[in-house]
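To start, the structure itself, in structure tokens.
The values are calculated or read from the model by the stated rules, or taken from the named source; none is laboratory data. All figures in this text were calculated on a predicted structure; none of them were measured in a lab. Counting neighbours? That spans all protein chains shown, and the Cβs are built from the backbone with ideal geometry, glycine included. Ligands, DNA and RNA are excluded from the accessible area calculation, which covers all protein heavy atoms including side chains. Shrake-Rupley method; radii C 1.70, N 1.55, O 1.52, S 1.80 Å.
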Amino acid sequence: MPSALKPMRYGHTEGHTDVCFNDTGSCIVTCGSDGDVRIWENLDDDDPTSFNVGEKAYSCALKNGRLITAVSNNAVQIHTFPEGAPDGIVTRFTTNANHVIFNSDGTKIAAGSSDFIVKVVEVTDSSKQKTFRGHDAPVLSLSFDPRDVYLASASCDGSVRVWKISDQTCTTSWPLLQKCNDVINAKSICRLGWQPGNGKLLAIPVDKVVKLYRRETWDSQFDLSDTFITQTLNIVAWSPCGQYLAAGSVDGCIVVWNMESQKCIERMKHEKKYTICGLAWHPKYKQIAYTDTEGNLGLLENIGDEKKSNDKVTSTATKDYNDLFDGDDDYLSGDMIEPQSSPKTGANEEDADDDDLKPTSGHFRRTIIDDDDNSLDIGMIKANSNLLEKEDDDDDDDQTGGFPGLPPSSTQQPFYDGPVPTPRQKPFQSGSTPAHLMHRFMVWNSVGIIRCYNDEQDNAIDVEFHDTSVHHATHLPNSLNHTMADLSTEAILLACESTEELASKLHCIHLSSWDANKEWTVDMPKDEDIEAICLGQGWAACATSALLVRVFTVGGVQKEIFSLPGPVVSMAGHGEQLMVIYHRGTGFDGDQCLGVQLMELGKKKKQILHGDPLSLTKKSYLIWVGFSAEGTPCYVDSEGIVRMLNRGLGNTWIPVCNTREHCKGKSDHYWVVGIHENPQHLRCIPCKGARFPPTLPRPAVAILSFKLPYCQVTTEKGQMEEQYWRSVVFHNHVDYLSKNGYELDESAKSQAVKEQQELLMKLFALSCKLEREFRCVELADLMTQNVVNLAIKYASRSRKLNLAQRLSEMAVEKASKLAAALEDEEEEEDFRKHLNAGYSNSATEWRQQPVRNVQPDQEMEDAEEANAYEEVEETPEVLKERPNPFSKCVTSAEVTTPKSVLIASSSQGRVNPFKVSSNKKDPVVPSANVLDTMSKYSKKNCSSSSQAVNKQSPPVIKPLIPKPKFKQISAASFFQAHTSNSSEKTVEEREEKAGNGSHEVKVTAQENTENRRPKTGFQIWLEENRANILKDNPDLNEAEVIKEGMTRFRVLSSEERMAWTEKAKGGTVNDSAEDKKRKRPTADEDEVKKSEEQKSEHSNLSKKTKPLDQSANVKLSAFAFKQS
């Protein structure tokens, strides 16, 4: 039946206009010289969806939910469809691109530009580009071979060329067109096209005929012409089934031929005779959408009279029909990304030929949508059989043999609806730009920059160092065509791929070599290509296509070789660390499946990460991998997420920054060049509308801040939590480096700890205000010893005595754990030292220690008690700056008594096999590394006490209450010493008793204190009211009496409490002043203390312990109610 020509409608402003259908044919897409893209549901759509893509749009193509446009800013860009959101720039030219197209499965894009260049780019990774040079004038149009083997291009230089895509060579060229100097002056834009399916014929519009050339032989098969054509043909377009060919001319004629009969079946004249510049076939029906140079859009329906009448479909019916299957087909077309290696020949290709009006994608799945009965009509069977007869004597690659048969009905066709494999990411060098660029960065890292220039004048490499004191800038020839590079302060490492004549080579320039030969080269075995390289400290490594990693010294000695479980993606080195990222398996639905190995290549070679899965954002791929300046492994994915190895949480990966948050536009990106942990800097280059920067002008480096993705960071609590954990993560490297023998700046570490503890204290105060006491305890668990004491003080002042009580218990526990840890550390250290030495200072169970300068008649105290004293002295080192809140007149003498003094004094007489001794030759305690961190005062005491050892008169201060479980209670004694008694008073009391030579030391700690120290207001009140409390509650023990007393004292009015406090402060001032002066006992008192110590050792063993909670209550009471 005759075709129906719908009246044209206005689409865009005057100028070149392009048109295409979406994959399902449910809408028409146009672009024009106004820079807009419009989406029409049908020709009668009065309100098409519209979005702007640039100042001027020259060409558009649509497939798999991606819309590509060539616009006036010389870029080819992607937008999502149908939303129209920018999705990045695929490639750029020096002038505008004139034509852009997709290949049959939508995985590649081809673009031809006015700068005479043709580029083929992979959609999923725009860095994979191929450039075709050879035209001497602007490129007019392009066409992909359906099999992805060839690409045809027409140019203003009058030639039509066929390129082989794989090796970028020109297969053939025909001088068919009239020469001109620009597209605007060309008589025809010569939109050519390959026959869909097997790509057997290439149609080229030349003057008033369409020339058809045979594939492979490149002979002219036949010409198509018609008397209706009076002017030059501008454009040709094949129907998706390959049976029909349409052509449009510069005077508005549209002609359609049946390829089987080579007869013209449709002729149509434009109502205003405007030039036809866009033609597009509907993917399923016999409709052609066309546009002219005035911006109008038209539709030609029901083409050909061979189709049965019930195939007639109006545009409205088309819309309804397609809407029914829209969701399914969008899934098929949008998410079905076939790997590049998928077969394009064979039965599938013939099926594509057989399927009536099948889209050019050639996917067998597409026929599922065509489930009407007419897919098996007689005309089609006839056409298929005729085509097969024609192809009987074709080459083997065109004909698979056998009768591919009629397309079965959709119900019988196999259908896979599962996840789709993701094409594997190709190997890359971090900090490099794509290899196809003439001017590119081979590497940009924290040491310097290596640029490569590969143009007609020069093929060279420039090396530039950020710090010129490392080495001066260098210019190297690139005769071997090196494509990979890495740079360190020691060397420059280069690598090239193999060619037919030459093997793949690894080339190293050793900058720090002291001999004259600084360069060396290694050839890889045959058929083994280098795919990734990296440099470390004193070594270089390369990963090859044989799934091997080869390690070399920086001087060229071959070292270890090991196999990778999969193809390499990238490598990085730093110091002794080597990190390799590789394909662990096949990813699905856009996700990559990568694994990571982290190794240390030092003297003790070990593997840290054993091929663990690499975490990537959904549907993203890896774009940068490396180490921070401090040596922590990091990587960045294509969504801009920066992740860092968290050594403090079992070598897990933590996201530390999202560069997309800093981007202004959707197509902007940040190109990472370096990461620093101290200070916290992410160094990267902002790229406007691209993923990588150009070499010229020199890009400026921006510094981004890190931010962990914690919840509710807008609130004060969330902000401080994020800051705290970021500080923790970014200082993990300090412990790692110190373990590996690196010298570290202690001030930086202490500053970090101080910052973390301040944040915890702020969070603690915030939780206190919010009455979250349980949360306060959780926060205190993260605090250090002295900050917990500060928290106790804060809690007490905030009248949260229950919280203060719990924190006191926690402080005791922390102190005991710290003491136990220090003790274990010392024992290990001592054992190691004495194994190495010829004699032993620490007696083990089977060996006695040598005792020098000691009094043989003196008895040694019990080992447990001695250990307790050691712990008392070690734990208070954290209180160097902040005094304990529970004592106003505490002095540092008791907390800084050096261990060596204790050891010497207690080592007289019987030898304890569990004690560590000190002597003249070795007065330093074995755990010197612990004492190194003590305050200056502590160190002074250590040195002075060493002298005391030599005099055999060391001062010793012991806790007043002996403890049955030495580890836990020794820590408790530290706190008790700060509460209601002071060591100075105890020492003086001992002096008095020593003068009498008596052993009557069996008195409680409080009685000892009462003799010398003024009591607090509460203590005086308690003494006077103790009888009343016991009278009311005769069964109470001492701790319960104090609790009851505190309750009653709290009930008193503030005036009464103040009166008791004033009463207590009567004689405090003088005593406390005297206490502060007496930081250390004088030398005259040494002998008295020594003899007193012997007595107290025996007497203390028989004392009974007081309950632990009593000391906590005493502390609380002493602090809470002794406020002036």
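Brief remarks follow.
- For PHE627, distant residues with modelled amide H under 5 Å away: CYS634
- Packing rank of 81-89, 43-51, 592-600, 28-36, where each peptide gets the mean count of other beta carbons within 10 Å, highest leading: 28-36, 592-600, 81-89, 43-51
- For the stretch 606-613, 3J(HN,Hα) per residue [Karplus equation, 6.51 cos²θ - 1.76 cosθ + 1.60, θ = phi - 60°, Hz, x = Gly/Pro]: 8, 9, 8, 10, 9, x, 5, x
- Shape category assigned to the stretch 688-808 from the gyration tensor of Cα positions, a/c cut at 1.5: oblate
- Exceeding the 18 Å Cα-Cα cut-off - candidates LYS211/LYS286; LYS1015/LYS1063; LYS63/LYS688: LYS211/LYS286; LYS63/LYS688
- Whole-Hz couplings from phi, Karplus 6.51/-1.76/1.60, listed for the stretch 495-512; x for Gly and Pro: 8, 10, 7, 7, 10, 5, 8, 10, 7, 5, 10, 10, 10, 10, 10, 8, 5, 8
- Sorting the segments 575-583, 734-742 by their residues' average number of neighbouring beta-carbon atoms within 10 angstrom, most packed first, yields 575-583, 734-742.
- Selected from ALA85, THR69, ALA111, residue furthest toward positive end of dipole (the stretch 1-148; charges at beta carbon): ALA111
- Reciprocal mean inverse distance between Cα atoms of the stretch 33-128 - Kirkwood radius, Å: 13.5
- Rounded if a/c under 1.5, otherwise prolate or oblate - the stretch 18-70, Cα gyration tensor axes: oblate
- Under a model in which nothing but the beta-carbon of Lys, Arg (+1) and Asp, Glu (-1) is charged, the stretch 478-535 shows a dipole of about 260 debye around its Cα centre.
- Ranking MET484, LEU548, ALA503 by how far each Cα lies toward the positive end of the dipole of the stretch 441-562 (charges on Cβ) leaves LEU548 at the top.
- For the peptides 642-648, 1030-1036, 450-456, residues were scored by their other Cβ atoms within 10 Å and the scores averaged per peptide; the highest-first order is 642-648, 450-456, 1030-1036.
- Dipole magnitude of the stretch 100-153 about its Cα centre (Cβ charges: Lys, Arg +1; Asp, Glu -1), debye to nearest 20: 80
- The magnitude of the dipole of the stretch 129-288, with charges of +1 and -1 set on the Cβ of Lys/Arg and Asp/Glu and taken from the Cα centre, is near 240 debye.
- Tail fraction, Cα-Cα pairs, the stretch 619-669, threshold 19 Å, whole percent: 30
- Remark on TYR274: its backbone amide H falls under 5 Å from none of the residues 5 or more positions apart or on other chains, H modelled at 1.01 Å from N.
- Amide H to amide H distances under 5 Å link ASP34 with THR13, ALA57, where only residues 5 or more positions off or on other chains count and H is placed in the peptide plane.
- The mean accessible area for residues of the stretch 507-551, using a 1.4 Å probe and ignoring ligands and nucleic acids, is 45 Å² per residue.
- In Hz, Karplus ³J(HN,Hα) per residue of the stretch 289-295 (6.51, -1.76, 1.60; θ = phi - 60°; x = Gly, Pro): 8, 9, 10, 10, 6, 9, x
- Probe 1.4 Å, protein heavy atoms only - accessible area per residue of the stretch 119-200 in square angstrom: 34
- Counted charge near TYR453, where neighbours are those whose Cβ lies closer than 9 Å (Asp, Glu -1; Lys, Arg +1): -1
- Prolate/oblate/rounded call for the stretch 745-810, Cα gyration tensor, a/c under 1.5 rounded: prolate
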